[in-house]
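Have a look at the structure below, then the notes.
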Amino acid sequence: MSQFIKDVDWLDWHPNPVKPDFLVPEGAVDAHCHIFGPGDQFPFAPQRKYTPCDASAAQLWALRDYLGFSRSVIVQATCHGTDNSAMVHALQHLGNTARGVATVKTNVSNQELEALHAAGVRGVRFNFVKRLVNVLPFDDLMSIVEKIHKYNWHTVIYFEAQDLTAYRDFFTALPTIVVVDHMGRPDVTQDARGKAFEPFIQLLEENSNFWCKVSGAERLSVIGPPIYDDFVPFARKVVKRFPDRVLWGTDWPHPNMKSHMPDDGELVNLIPRIAPTPSLQHQLLVDNPSRLYWDESPSH
Ligand code: 0GY
């Protein structure tokens, strides 16, 4: 085994998930997943806060096929820093069935953005989770947003619920579509109808350019697998309130998970509990991600 393997400090992804009972609709998109390495080909960022296990494009393809999905959105994770080459390599492998969300440097050039766009990147990710990154100054982030505007990309933000108040003004000043990862990490031990989740619901209510990924059951739930009962009411509430601005993703290969490694088939079985009707399921898994990632019309 290589030196790299010894460096791995989180659980490996589930090797044999159950076949989900829930059949996803045709054309379904897994709108939040990652690619890692392989580390000997695409080294991880020296400044990373965790080292993942390898998770290749071929392995992602096999999983999505098994789960019944047809398309994927690959989100750049912090362990690869601003080097998007593993993700771009995966996009090339998956062709038109995949799109990407990149992390870029403040001084990213137009040429680099054009190459990312040509590879299938349609968004940029800003991470505000302090255990994962040193958060960049707002001015730097805004200068990136100014550059991506001409490509019609959106901004993906990842933050923890307790930081929403501090970041809200910056978030609402973003002129793009803004997609929030994992519902802004609510404390799911609280009541989904209670005060703690209200600021997040208001953010979506008052800003029609805000979308939400109802993902991350495995990292938000305290109850845990296989039922994730504490996560469900939060996701269900968001889907019901904002059915045309929600996305769902496996979050495979579940980076940085230390408590348990979820069974991706069981995560798919949560979908009908958070989107209880076929029409909501179609919006969540097909219509919304198709509009955001595969609509190439100039007005988009
Ligand atoms: C996720 C969540 C996590 C990690 C990252 O980019 C990342 O490293 O997003 C996390 O640790 O909560 O969406 O993959």
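The values are calculated or read from the model by the stated rules, or taken from the named source; none is laboratory data. Computed from a predicted model, the values in this text were never measured in an experiment. When we count neighbours, we look across all protein chains shown, and the Cβ atoms used for this are built from the backbone with ideal geometry, even at glycine. The protein model used for the area step is the full one, side chains on, heavy atoms only, and it has no ligands, DNA or RNA in it. Shrake-Rupley method; radii C 1.70, N 1.55, O 1.52, S 1.80 Å.
Quick notes on this one:
- Exposure rule at most 14 other beta-carbon atoms within 10 Å, DSSP loop trypsin sites (Lys or Arg not before Pro): the chain longest free segment: 1-104
- Carbon/sulfur fraction of accessible area - segment 29-294, other protein chains in place, 1.4 Å, %: 51
- Note on Leu136/Thr97: beta-carbon distance plugged into 1/(1 + (r/R0)^6) with R0 of 41 Å gives a FRET efficiency of 0.85.
- Taking all protein chains into account, the per residue accessible area for the chain stands at 42 Å² (1.4 Å probe).
- Whole-Hz ³J(HN,Hα) from phi, Karplus 6.51 cos²θ - 1.76 cosθ + 1.60, for segment 119-124, glycine and proline x: 6, x, 6, 10, x, 10
- Lysine pairs with alpha-carbon atoms under 14 Å apart, the chain, spacing 8 or more or separate chains: 6
- Rounded, prolate or oblate (a/c below 1.5 giving rounded, otherwise prolate when a/b exceeds b/c) for the chain by Cα gyration tensor: rounded
- Exposed loop sites here are GluC sites (Glu not before Pro) assigned a DSSP state other than H, G, I, E or B and surrounded by at most 13 other beta carbons within 10 Å; excluding them, the longest clear run of the chain is 27-295.
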